[in-house]
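Colleague: Right, I'll just put the structure down here and ask away after.
The values are calculated or read from the model by the stated rules, or taken from the named source; none is laboratory data. Quick caveat, the model's predicted, so the values are computed rather than measured. With ideal geometry, Cβ positions are generated from the backbone for all residues, glycine too; neighbour counts draw on all protein chains shown.
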């Protein structure tokens, strides 16, 4: 991070403002003083050893600004020690990627002088956030000034104050020069080229960098499907005998692209220093609560919650609720089919242009209902997963993703499976798939791009225009920049973005052989998604905190599961085609057995292919193995020196 604009805390220490903390306007003074003292205290005393300066928000018109706004930073030495604490990996002088250590800092390639520019602003903000996250109550029974807000040793201070409305928001500041550079190379010029992934990762962190890398990769991977799909749609779309070849190609495509992606993401993660990053002991989630006890691994005090009690909550409450929602989704689907039957009967009785257009109305209504149900269910799933009280963030995310994916899959694809394998009406399947795909894309663009823009503009039109103009093109005083950014929307993470791509992948891999233009529509959607997401990230949303990531996490498993389901679906569609049925005019049982046999062979081939193709490229495996070998040799040498009593000159 190049140190530029700086402020000073109450003790006169100058620092670069990195993070903003906004407390409620009417917060008690003793609570403010207590929080600031805990943030400033040394780490050995349970503090975060950060620097803080008060920076009240400016009011608008006759309104008074919030006086309880603070900018947070740290000394450069604290940030470097923090980089070691959070396990940042940087490039060593020999070209390898190694975990940063303060004692060995001069041996890292980009560390010169006092290390100015060695850490990006996003990394510094992540270190500050880590310091705030580990602030936990010691012997306090309540937050000062709020006797009703109970505390116990080990409770997250920041999370407790947020849940009670004492602390309103925490967000990292935008870096105006970096934002201007990124926007110029990313979205301000429409061009058919690769995204500046390294710049995105540098500014927003590895998690968002990998999302945009996957979005770009998925779009390019769809190109062969779209290229084949256009002539197929134009010349053979009504001849269902021809979809067999397209289904076979679909099988190969859905398997290969995911295997290649794993190798590509591993290469990106290695170059960004997250693939070789040692996974630290995972701390409890800020929202995790329970009776204070000792962790048997670390010996530290932390909340303890019985696993049996969590399992009871999952199986006696969460699972029945999910099953009820699935039943409700199927019930809505049957209502949709009743509407389809009624409209088709009406059109058959008196075929006119009006009744012909009316044929599409049930599918459009059903698509809108699906989107509404998905969003309502999402809130319920988040509430339930939070209530289950998972200790680790990874466990929380896994349970949330599982709940959401099961419901979304059934809600979005159940009608298509019913039409394909129960009704066996390929014309209706094609119509329903096209309507669902187009309607969902339009709704997603409205909800994800235009709605946040419109809400931001409506909230404060003048500020919104200034955000767009000044945040990129002009220099602003710090107080004015904080005021502008505090009013921006909050980015809620990549969950919804991955979920949208997962559903689009499902539409293409499961049923695009019946509607070959599906890949074309998804390519167009993804192309606009890149620019709408880039626009949102740069000036509609507050800057999110950087999150280290080595891959796309549980979403990789979700996409691979969808790929397996696509094998079964496409094999079944091939078996149902008149072209294949003609070879078995007398025995349907033989046809079914053949389809099942082919499906098993393809699944076996898929798993063999996944096993044969290594997830990490060979050259990166060699680099990681070499680094591990060097670390072992260095440890042996150190032990020998300690045994002989010879001082280690490298320390």
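Colleague: Out of the residues in the stretch 169-187 that are more than 23 Å from the chain's Cα centre (by Cα) and surrounded by 15 or more Cβ atoms within 10 Å (Cβ to Cβ), which is farthest from residue 530 (Cα to Cα)? First the steps, then the outcome.
Modeller: Here is the first cut: in the stretch 169-187, the ones more than 23 Å from the chain's Cα centre (by Cα) are 176-177, 180-181, 184.
From what's left, surrounded by 15 or more Cβ atoms within 10 Å (Cβ to Cβ): 176, 180-181.
Values: 176: 21, 180: 17, 181: 17 Å.
Out of the qualifying residues, it is 176.
Colleague: As an exercise: evaluate residue 150 against (1) within 19 Å of residue 304 (Cβ to Cβ); (2) buried (at least 17 other Cβ atoms within 10 Å of the Cβ) and give the number of the one condition it does not meet.
Modeller: Failed condition: (2).
Colleague: Restricting attention to the stretch 285-332, report how many residues are under 30 Å from residue 414 (Cβ atoms) and modelled with pLDDT under 75.
Modeller: So the answer is 0.
Colleague: Please work out which residue is modelled with the lowest pLDDT, limiting yourself to the stretch 261-282 and to residues that are in contact with a strand residue (DSSP E or B) (Cβ under 9 Å, 6 or more places away or on another chain) and crowded, with 19+ Cβ neighbours inside 10 Å.
Modeller: Ranking the qualifying residues of the stretch 261-282, first place goes to 277.
Colleague: Which is surrounded by 15 or more Cβ atoms within 10 Å (Cβ to Cβ) and farther than 24 Å from residue 499 by Cβ, of 639, 623, 618? Don't jump to the end; show me each part of the working.
Modeller: Values: 639 fails: surrounded by 15 or more Cβ atoms within 10 Å (Cβ to Cβ); 618 fails: surrounded by 15 or more Cβ atoms within 10 Å (Cβ to Cβ).
Just a single option satisfies the conditions, and that option is 623.
Colleague: In the stretch 14-37, what count of residues is obtained for those that are over 31 Å from the mean Cα position of the chain (by Cα) and surrounded by 15 or more Cβ atoms within 10 Å (Cβ to Cβ)? Reasoning before the result, please.
Modeller: Start the filter on the stretch 14-37 by keeping residues that are over 31 Å from the mean Cα position of the chain (by Cα), which leaves 14-15, 25-34, 36-37.
Subsequent filtering for residues that are surrounded by 15 or more Cβ atoms within 10 Å (Cβ to Cβ) retains 15, 27-28, 31-32, 34, 36.
Final tally of qualifying residues: 7.
Colleague: Let me ask another. Taking the stretch 124-162 as the region of interest, how many residues are touching a helix residue (DSSP H, G or I) at 6+ places or on another chain (Cβ under 6 Å), within 18 Å of residue 20 (Cα to Cα) and assigned to a loop (DSSP other than H, G, I, E, B)?
Modeller: Final tally of qualifying residues: 1.
Colleague: Scan the stretch 163-175 for residues that are modelled with pLDDT of 85 or more and either in contact with a helix residue (DSSP H, G or I) (Cβ under 7 Å, 6 or more places away or on another chain) or outside any loop (DSSP other than H, G, I, E, B) (or both) and jot them down. It would help to see each step written out before you state the result.
Modeller: Step one: list which residues in the stretch 163-175 are modelled with pLDDT of 85 or more, which gives 164-175.
The answer is 166, 167, 168, 169, 170, 171, 172, 173, 174, 175.
Colleague: Kindly provide the set of residues from the stretch 385-401 that are under 17 Å from residue 315 (Cβ atoms) and not in a helix (DSSP H, G or I), ordered by number.
Modeller: Listed by number, the residues that qualify are 388, 389, 390.
Colleague: Listed residues 159, 136; which is touching a strand residue (DSSP E or B) at 6+ places or on another chain (Cβ under 8 Å) and in contact (Cβ under 8 Å) with a residue 12 or more places away in the chain?
Modeller: Being touching a strand residue (DSSP E or B) at 6+ places or on another chain (Cβ under 8 Å) and in contact (Cβ under 8 Å) with a residue 12 or more places away in the chain holds for just one of 159, 136, which is 136.
Colleague: Would you point out the residue of the stretch 511-526, among those that are crowded, with 19+ Cβ neighbours inside 10 Å and under 24 Å from the mean Cα position of the chain (by Cα), that is farthest from residue 434 (Cα to Cα)?
Modeller: 526
Colleague: Given the conditions (1) modelled with pLDDT under 90; (2) surrounded by 21 or more Cβ atoms within 10 Å (Cβ to Cβ); (3) within 27 Å of residue 505 (Cβ to Cβ), and given that residue 157 satisfies all but one, which numbered condition is not satisfied?
Modeller: (3)
Colleague: Please list, ordered by residue number, the helices (runs of 4 or more DSSP H) wholly in the stretch 513-616 having 1 or more residues that are at pLDDT 85 or above, in the same structural domain as residue 258 (by TED's automatic domain parsing) and under 30 Å from residue 442 (Cβ atoms). Step through it out loud before you land on a result.
Modeller: Numbers: elements: 518-535, 554-576, 578-581, 588-612.
In the stretch 513-616, the matching helices (runs of 4 or more DSSP H) lie at 518-535, 554-576.
Colleague: Quick one: would you say residue 238 is more than 30 Å from residue 407 (Cβ to Cβ), surrounded by 17 or more Cβ atoms within 10 Å (Cβ to Cβ) and modelled with pLDDT under 75?
Modeller: Working: more than 30 Å from residue 407 (Cβ to Cβ): yes; surrounded by 17 or more Cβ atoms within 10 Å (Cβ to Cβ): no; modelled with pLDDT under 75: yes.
Criteria not met by residue 238.
Colleague: Mind checking whether some residue in the stretch 618-628 is modelled with pLDDT under 80, farther than 30 Å from residue 172 by Cα and in a helix (DSSP H, G or I)?
Modeller: yes
Colleague: Now, a different point. Check whether at least one residue in the stretch 443-463 is in the same structural domain as residue 545 (by TED's automatic domain parsing), at pLDDT below 85, closer than 26 Å to residue 253 by Cα and part of a helix (DSSP H, G or I), and report yes or no.
Modeller: yes
Colleague: Can you pull out the residues in the stretch 336-361 that are over 40 Å from the mean Cα position of the chain (by Cα), under 25 Å from residue 412 (Cα atoms) and surrounded by 13 or more Cβ atoms within 10 Å (Cβ to Cβ)?
Modeller: Listed by number, the residues that qualify are 343, 344.
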